[in-house]
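Working notes for the structure below.
What follows is calculated from the coordinates using simple rules that are stated; it is not laboratory data. Remember, predicted model here, so these are calculated numbers, not experimental data. A quick note on method: Cβ atoms are made from the backbone with ideal geometry, for glycine too, and the neighbour counts reach across all protein chains shown.
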């Protein structure tokens, strides 16, 4: 994959969290907790929990909650690209959200801030500048 890298700044993150937070406020959903997918969703999840005034819970702890209670947990990621991580969260019974969603994602979270209509590789402020243009879990050597 030879995608162009787009380096995002904190101002963009702030704008997307605000937009996402307002979308969530307008929904009928009420959440007891917000959690973040480990790595990419940790910062957006914590940021959104502050914005909405909803307690943050680590993802591994959220997965230990009773199945019937999990719909009251919103799991956040930075981007829904392949959709694999948020699909897994959905299968655990959580509602899902992302700061951004790729137009080609086969999974659509319940909430997202912006739809990315290009194949550009987004580099978030918490990632290394020299990150590869591939999901790191696809590049792990066995």
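Key figures
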quantity	calculated
Average projection area in nm² (convex hull over Cα atoms of the range 27-72, one quarter of hull surface)	3.3
Candidates 115, 128, 63, ranked by Gaussian network fluctuation over the chain, Cα under 10 Å, top entry	128
Rg to Rh, two decimals, where the range 5-132 supplies the alpha carbon set and Rh follows Kirkwood	0.94
Choice from 78, 130, 120 showing the highest fluctuation, given a GNM over the chain with Cα pairs closer than 10 Å	130
Gaussian network model of the chain, Cα within-10 Å springs - most flexible of 26, 117, 88	26
Packing rank of 65-76, 14-25, 33-44, where each peptide gets the mean count of other beta carbons within 10 Å, highest leading	33-44, 65-76, 14-25
